[in-house]
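Please read the structure below before turning to the comments.
Computed from the coordinates by the stated procedures, all read-outs in this text should not be read as laboratory data. A quick note: this is a predicted structure, and the numbers were derived from the prediction, not measured. Here the Cβ positions follow ideal geometry from the backbone for every residue, glycine too, while neighbour counts run over all protein chains shown.
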Amino acid sequence: MRRWFFLGAACAAAAALGTAGGAQAQDVKIGFILPMTGQQQSTGRQEAAAAKLYMAQHGDTVAGKKVTLIVKDDGAVPDNTKRIAQDLIVNDKVTFLAGFGVTPAALAVAPLASEGKTPEIVTAAGTSIITEKSPYIARTSFTLAQSTVPMADWAAQNGIKKVVSMVSDYAPGADAEKSFKDEFTKKGGQVLDSIRFPLANPDFAPFLQRAADQKPDAIFVFVPSGQGGIFVKQFVERGLDKAGIKIIGPGDVTDDDLLNGMGDAVVGTITAHFYSADHDSPANKAFVAAFKAANNGMRPNFMAVSAYDGMHLIYEALNKAGKTDGDSLIAAAKGMAWESPRGPVSIDPDTRDIVQNVYIRKVEKKNGELYNVEFATFPNIKDPIKAAVAK
Amino acid sequence: MTANADEVALYLKRRARWSPFEIAFWIFAFATIWLFPGKYLILKDTAILALFALSLDLILGYAGIISLGQAAFFGFAGYFAGLVAKYGIINEPVIALVCSGLIAAALGFVTSFLVLRGSDLTRLMVTLGVSLMLGELANRYSNITGGADGLQGVEIEPVLGRFRFDLFGHNGYVYCLIVLFICFVIARRIIYSPFGLSLRSIKGNTLRAAAIGVPVKWRLVAIYTVSAGLAGIAGALLTQTTAFCSLDVFSLERSADLLLVLIIGGTGYLYGGLIGAVIYKFLQDWLANLTPQYWQFWIGLVLVVIVLIGRERMAGWVRIVRSLLVRLGTWLMPRLPALGGAAPDGR
Amino acid sequence: MLTILYDGIAYGMLLFVLACGLSVTLGLMNFINLAHGAFAMAGGYCTVFLVNRLGLPFALGLPIAFLITALIGGLFERTLYVHVYARSHLDQVLFTIGLVFMSVAAVDYTMGSSQQFVQIPEALQGQFEVDGIGMGKYRLLIIVICGLLTVALQLILAKTHFGSRLRAAVDDQRVARGLGINVGAVFGITFAFGSGLAGLGGALGAEILGLDPTFPLKYMIYFLIVVTVGGTSSITGPFFASILLGIGDVAGKYYVPKLGAFVIYAIMIIVLIWRPQGLFARGAAR
């Protein structure tokens, strides 16, 4: 009967999946949980490529131990992430968990990191509270507020008085809106309206119209990377740039991964972010060249550099700690500072979050390609939300 | 006409007897607790998916209502279970589970009128629309639900005061498996009852069923409510065992995956959801391990091939395998005592 | 505001072009083709490849995308879909979702995971100002193309032999076959044409809706909404349904942004409660 056959098949499948041999004591496994499929798949792709690049460049032996990289796809669905993380901790006995493309994924795994005493290195998610959820979490990516607050400062200092804020209606969008608004109004600016559009939004037309009707100096925009290009194109289509309205916002809008395809419409867009592929430093030039060579000419973006630095943190923590238990590794990670392709970075010993420079950039055409060209720097920005609470 | 009633009762009693396959299935299911200690997590997820699929089978396989909206009840009860645990309103997980199921059933009752009319496509879209709207609501009220970040701070007390859900997932899995079994028995009882028979008649020919006096509308409402309750229990299980709940419980992907699971396993015989869940989950896990980025391609290929080969041909293969095994069994049986050392009679 | 009306009509027209192929397939062959979005995506990527990489002019890229997608559709229909016609709806769902998964992963593998942007010509960027109403040039193009298409489709259906054969096959397949109409060929041609239309819609829509490998999964629900609300027995049904939904969605988001996402689902549910067969269905044939 059918059910017997399927039952047998299920048994066979389950048996075949029985986990193979145990880990050796000298092995260090890094479990990278990334969204390789689904809406966030470009994040997963960039990060996996960067992690592999780091390993290819620095070898797979650290402090006398062999390092293996395990990449798993969670599709940005938190219950998948949690299950995969549990599996990695219990069965693969990973020394590090890394990745986490969206905030709920990072948050779901926090209790596991604490219970398993496994360091959780966040290399993508950007909500401020993540690092507070477990003493084993360290972040090498960014927080949204790190970009929006300097953006507000710069805007206030440069003649932009009235702004309409437009963000996607989900937690990071709300974070961006709030942190921008608080800082901007503190520095004397005025936020005329706060518009939120649905996350799965096919058409920005009505919202852009609504914003334009209020005649602001600039529109502050935050959308998940991927929608930025469409937004800017529709902005230009409505002639809003000719009406003298600027676009400002965190650099997710002009994601390096997509910037070149956006067309000349985006030239002149000003954003604040921690990484541009155009960043003028020897470390970055080498990074970009190596990344492109290994990935068919694909340009690295801020997610890639986050994963690259995440691997660096892991390697250096292993070197410094000498031991492979979670407590020593996190202790070693705290306060670590190095020159990343994005600029100088360090891990804040109190919050375990990343401290980095934030640059104000403008989109310009260089050698026939579009780049975010940096022209102002806000050095050593800590996460403003946590810093404000600490005061 | 008592003679007919007796016949029906006899028929039902016979059908309702547990066949050896079913007993073997459940023995094996419970044996997995000891057989696969490293796989608790995926087994637990499979058990939850199986319960979820069972709920859809009740309305799809037995009442003919095609729905993409089971995620509405799944998510609604999931958030309910998370919120009552977070704010300490109900601390004992089992009580919270039952309450979540009841709440989901209530929601099912309220929305059941939407699925009474219209074609398959209408029902599909209306149920999906409800599910997505609930997702939007959950996003809107992110101060309660945590929005896109997910529900934070959920702490689940140990079940019955003793069994804590730990990192290894053992207690979580046993909990889910027991709940799955209980719900299965309930569903089975419903199916093998006059009520269940009337459902099948409704699915077969609604007009004729109404003509012989079956209160079609109320039966459909009733089974939809029960199905919503089971889906809700599945959702609450997920929240309780992962101590987390986020917006994707309402997503299209969840409902669509469910439909796929049930179609793979087959509708209308209660085990379809369970078997489909096992196959789908394990297949997906295996493929995702092989190729984290492109596993969707291979799953798609498997689905296409399943449909192209067709169920009749696969059932044909099963019959061949089964007859071979039966023949092996009859050949082996007399020889078993010999294998054990005792001489067979007369030889 | 008239600009919002204009935007809504443009958006609705785009939805129509994307969804009408699905409506016809569903109405004609009673076949649930959830892979319809994959054909739209194929058209979009074709145009990206032709215009961006090969440098063809946009005006040429659109019709070629239509043709290529129609060819792919016809090919798939003859080789794969024809085996699945007789199956239950559930099997069809399984089959077409399997195709969607395969196409998403295949496109991801060959073209990368990132968003693709079509380089539209200068002439189409920006907008006209007419009487204070801002009319986007690209949206004007969409309205013009889709309007012409609708008229052409209606004419084909109503005034040509093929159209009458198609209508006969939709109304009653068995009788049509009995009359000597080659229903299989009608299916094939219609399916190819519908897929071509989807491809054209995908190419046109890339500028507004965006284009990435997850396009079919993201937008499938909108096509289904159009088809369900519009009914599957005519072209005019989905046409008016998409205009209604387009305007409703855009206007809802403009005037009440807080409820923006609800509007389209609410409209659908209300319409379906009121008229379960869709707004413009002719009788309950199925």
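Could you calculate the FRET efficiency of residue A:292 with residue B:217 from 1/(1 + (r/R0)^6), where r is the beta carbon distance between them and R0 is 60 Å, rounded to 0.05? The partial results should precede the final answer.
Working: r = 64 Å, r/R0 = 1.07.
The calculated FRET efficiency here is 0.40.
When N is the residue count of the range C:77-194, what does its C-alpha Rg come to as a fraction of 2.2 N^0.38 Å? List each step's numbers first, then the result.
Numbers: Rg = 20.7 Å, N = 118, 2.2 N^0.38 = 13.5 Å.
With N residues counted in the range C:77-194, Rg over 2.2 N^0.38 Å equals 1.53.
Mean per-residue shielding of peptide C:266-275 is 4, counting Cβ atoms of other chains within 10 Å of each Cβ.
Rg/Rh for chain B stands at 1.01; both radii use Cα atoms, and Rh follows the Kirkwood definition.
Within the straight-line cut-off of under 14 Å between alpha carbons, the aspartates and glutamates reachable from residue C:258 are A:169, A:193, B:136, C:249, sequence neighbours fewer than 8 places apart in one chain being disregarded.
Based on alpha carbons, the Rg and Dmax found for the range B:18-99 are 16.1, 46 Å. Each principal axis of the Cα cloud of chain C was evaluated for its coordinate range; sorted largest first, these ranges are 58, 45, 35 Å. For residue A:373, the residues whose amide H sits under 5 Å from its own are A:362, A:363, A:364, ignoring neighbours fewer than 5 places away on the same chain, with H placed 1.01 Å from N.
Of the chymotrypsin sites (Phe, Trp or Tyr not before Pro) found in the range A:342-391, no site is in coil according to DSSP while having at most 11 other Cβ atoms within 10 Å of its Cβ. Here is the list for the range B:90-167: trypsin sites (Lys or Arg not before Pro) lying in DSSP coil, each with at most 12 other C-beta atoms within 10 angstrom of its C-beta, are B:162, B:164. Look at C:20, B:176 and count the other Cβ atoms within 10 Å of each Cβ; fewest to most, that gives B:176, C:20.
Length gained on full extension, residue A:264 to residue A:192, computed as 0.36 nm times the residue gap minus the Cα-Cα distance: 23.1 nm.
Suppose we take every Cα in chain A and form the convex hull; what volume per residue is that in Å³? If you can, show how the numbers build up before the last one.
Numbers: hull volume 59.2 nm³, N = 391.
So the per-residue Cα hull volume is 151 Å³.
Note that the range C:161-171 has calculated 3J(HN,Hα) couplings of 4, 4, x, 6, 5, 5, 4, 4, 5, 5, 5 Hz, one per residue in order, obtained from phi through the Karplus relation 6.51 cos²θ - 1.76 cosθ + 1.60 (θ = phi - 60°); glycine and proline are x. Distances between every pair of Cα atoms in the protein assembly as shown, grouped in 10 Å steps from 0 to the bin holding the largest one, split as 2, 11, 20, 24, 21, 14, 6, 2, 1, 0, 0 percent. Partner lysines whose Cα lies under 28 Å from the Cα of residue B:203, excluding those fewer than 8 positions away in the same chain, are identified as B:13, B:217. Fewest neighbouring Cβ atoms within 10 Å first, the residues C:122, A:364, A:47 line up as C:122, A:364, A:47. The alpha-carbon atoms of the range C:1-111 define a convex hull whose volume equals 133 cubic angstrom per residue.
Cross-link pairs exceeding 20 Å between alpha carbons, from the set A:162/A:186; A:117/A:334; A:52/A:366: A:52/A:366.
Order by neighbour count: A:154, B:218, B:34, fewest other Cβ atoms within 10 Å first, most last. Mind showing how you got there, number by number?
Details: A:154 18, B:218 10, B:34 7.
So the ranking, lowest neighbour count to highest, is B:34, B:218, A:154.
Partner shielding of B:316-324 amounts to 2, given as the average count of beta-carbon atoms from other chains within 10 Å of each residue beta-carbon.
Every Cα-Cα pair of the range B:201-347 was included, and the share exceeding 20 Å stands at 70 percent. Membrane-span-like helices in chain B, defined purely by DSSP H runs whose alpha carbon atoms cover 18 Å or more axially and whose average Kyte-Doolittle hydropathy reaches -0.5, are B:2-16, B:20-35, B:40-57, B:70-86, B:93-111, B:120-140, B:170-191, B:216-242, B:252-265, B:271-290, B:295-309, B:311-332.
Using a 10 Å cut-off on Cβ to Cβ distances, tally the other chain neighbours for every residue of A:163-171 and report the average as a whole number.
Values: counts 0, 0, 0, 1, 0, 1, 10, 6, 8.
What the average comes to for A:163-171 is 3.
Listed by chain and number, the aspartates and glutamates whose alpha-carbon sits under 15 Å from that of residue B:86, ignoring those within fewer than 8 places in the same chain, are B:155, B:157.
Specify whether the C-alpha gyration tensor of the range A:24-135 places it in the rounded, prolate or oblate class, a ≥ b ≥ c being the square roots of the eigenvalues: rounded for a/c under 1.5, otherwise prolate if a/b is larger than b/c and oblate if not.
Details: a/c = 1.73, a/b = 1.22, b/c = 1.41.
Note, shape of the range A:24-135 comes out oblate.
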